[in-house]
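The values are calculated or read from the model by the stated rules, or taken from the named source; none is laboratory data. Keep in mind that what you see is a predicted model, and the values were worked out from it rather than measured. In this analysis, Cβ positions are derived from the backbone assuming ideal geometry, glycine residues included, and neighbour counts consider all displayed protein chains. With ligands, DNA and RNA removed, areas are computed over all heavy atoms of the protein, side chains included. Shrake-Rupley method; radii C 1.70, N 1.55, O 1.52, S 1.80 Å.
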Amino acid sequence: MIVIAEEVQDALAEGRAVVALESTIIAHGLPFPDNLRLANELEAQVRASGAVPATIAILQGQARVGLDQRALERLVDPQIRIAKAGASDVPVVLAKGLDAATTVSATSELAAMAGVRVFATGGIGGVHRGESWDVSADLLSLAKVPLAVVCAGPKAILDLPRTAEALESLSVLVLGYGTSELPAFYSRESGIMLEHRVDDAEQAAACLRARWGLMKQGGVLVVNPVPEALALPRSKVDHWIEQALQAADEQQISGKALTPFLLQFMAQVSGGSAVATNCALAMHNAKVAAEIAKAYASALDD
Ligand code: PSU
Ligand code: MN
């Protein structure tokens, strides 16, 4: 039920750097055709940075680790309207022979199963705002799976203070990458200070080795702020998020549909600048993830 692309298999067998990429950001997080372009550019970025990309999705009941162009095109095909699978949905999608884009939680668990140690995405899910108790399974997978997830922080549409507390309770190691503050996805600042900071890929890789080699602990969240040039001002973002949350409330959007709805609303209300920023931060994360994967792989050689 799991198929690892040959190129990915070879890299893993030879101990070379591999970076997992998720498919929900492609299928549900961004409009067409920006999504397909980003899917290709993320893979190219990982390659240019010296690692092998492994985009993960479930197609016809097979968990695929490493996708070809046809598979990427299937993910974004508006006619298909592919499902969104979190970790707990994966067995059903496999058993029924269905297609699904995988979220951070599902991607993490499949990546780890294949032997991949580093994963790049845009922003992780977390604790939603309000009193709904909508908490992303991303947090639980992070706690459980020995994988480094490189992101630009939890998505700004979330309750960031509660998400930061939940990460701490779950014993997820959060490493600021060149920052001492939790980045807020579209913006570089959140006002939430971090306990731990690293300033390069070698330092990050050393933390991974200590966490997994010695301590046998779970996931690491590497938070990498969006590049300055494309960061959006927090006051603007907050204003758009309030409008997005109000629209979701009026239209009674909840559960799985909520995150895609909010992101789509942000894309529209920002006149596309939220999409440009989302793509830029994901590209930056792919680069940093490849550097960390290389540092981790070469340290294992020593
Ligand atoms: N990061 C992005 N865009 C996205 C997502 C992350 O830049 O669309 C997706 C990820 O797949 C993440 C999911 O796992 O949103 C969270 O959804 P939920 O809140 O329903 O768990
Ligand atoms: Mn949810």
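For the range 156-209, how many residues are out of contact with any Ser or Thr (no Cβ under 6 Å at 6 or more places or on another chain) and under 23 Å from Glu291 (Cα atoms)?
Of the residues in that region, 28 qualify.
Within the range 1-52, can you find the residues that are in a loop (DSSP other than H, G, I, E, B), in contact with a helix residue (DSSP H, G or I) (Cβ under 7 Å, 6 or more places away or on another chain), more than 20 Å from Ile292 (Cβ to Cβ) and not hydroxyl-bearing (Ser, Thr, Tyr)?
Across the range 1-52, the qualifying residues are Met1, His28, Gly29, Leu30, Pro31, Phe32.
Of the conditions (1) surrounded by fewer than 19 Cβ atoms within 10 Å (Cβ to Cβ); (2) at positive phi, His196 fails just one. Which one is it?
(2)
Looking at the range 199-216, which of its residues are farther than 15 Å from Val150 by Cβ, assigned to a helix (DSSP H, G or I), open to solvent by 70 Å² or more (accessible area, probe 1.4 Å) and not charged (D, E, K, R)?
Leu214
Do you know which of the residues in the range 120-176 that are assigned to a loop (DSSP other than H, G, I, E, B) and hydroxyl-bearing (Ser, Thr, Tyr) is farthest from Asp199 (Cα to Cα)?
Only one residue tops the list, namely Ser132.
Would you please list the contacts, defined by Cβ atoms under 6 Å and residues six or more apart or on different chains, that run from a residue in the range 71-86 that is under 9 Å from His28 (Cα atoms) to a residue that is β-branched (Val, Ile, Thr)?
Hits for this filter: Lys84/Thr24.
Please go through the range 232-254 and give me each residue that is in contact (Cβ under 8 Å) with a residue 24 or more places away in the chain, under 18 Å from Leu160 (Cα atoms) and of a type in the set (Gly, Ala, Ser), ordered by number.
Selection gives Ala244 alone.
Residues are listed down the side, and each one gets a yes or a no for (1) touching a strand residue (DSSP E or B) at 6+ places or on another chain (Cβ under 7 Å); (2) more than 13 Å from ligand 1 (Cβ to nearest atom):
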position	(1), (2)
Val116	yes, yes
Ala120	yes, no
Gly126	yes, no
Arg129	yes, no
Ala143	no, yes
Pro146	no, yes
Cys151	yes, no
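Return the pair list, or none, for Cβ contacts closer than 9 Å from residues in the range 149-176 that are at negative phi to residues that are of a type in the set (D, E, K, R) and assigned to a helix (DSSP H, G or I), at least 6 apart or on different chains.
Val149/Asp138; Pro154/Asp138; Ala156/Arg234; Ala156/Asp238; Leu170/Lys144; Leu173/Arg211; Val174/Glu168
When the range 87-99 is examined, which residues are found to be in contact (Cβ under 8 Å) with a residue 12 or more places away in the chain, more than 22 Å from Gln9 (Cα to Cα) and either away from ligand 2 (no atom under 16 Å from the Cβ) or buried (at least 22 other Cβ atoms within 10 Å of the Cβ) (or both)?
First, pick out the residues of the range 87-99 that are in contact (Cβ under 8 Å) with a residue 12 or more places away in the chain: 87-90, 93-99.
Add one more test, that the residue is more than 22 Å from Gln9 (Cα to Cα), and what stays is 87-89, 93, 95-99.
Result: Val93, Ala95, Lys96, Gly97, Leu98, Asp99.
Given the options Arg70, Arg129, name the one that is away from ligand 2 (no atom under 16 Å from the Cβ) and over 14 Å from the mean Cα position of the chain (by Cα).
It is Arg70.
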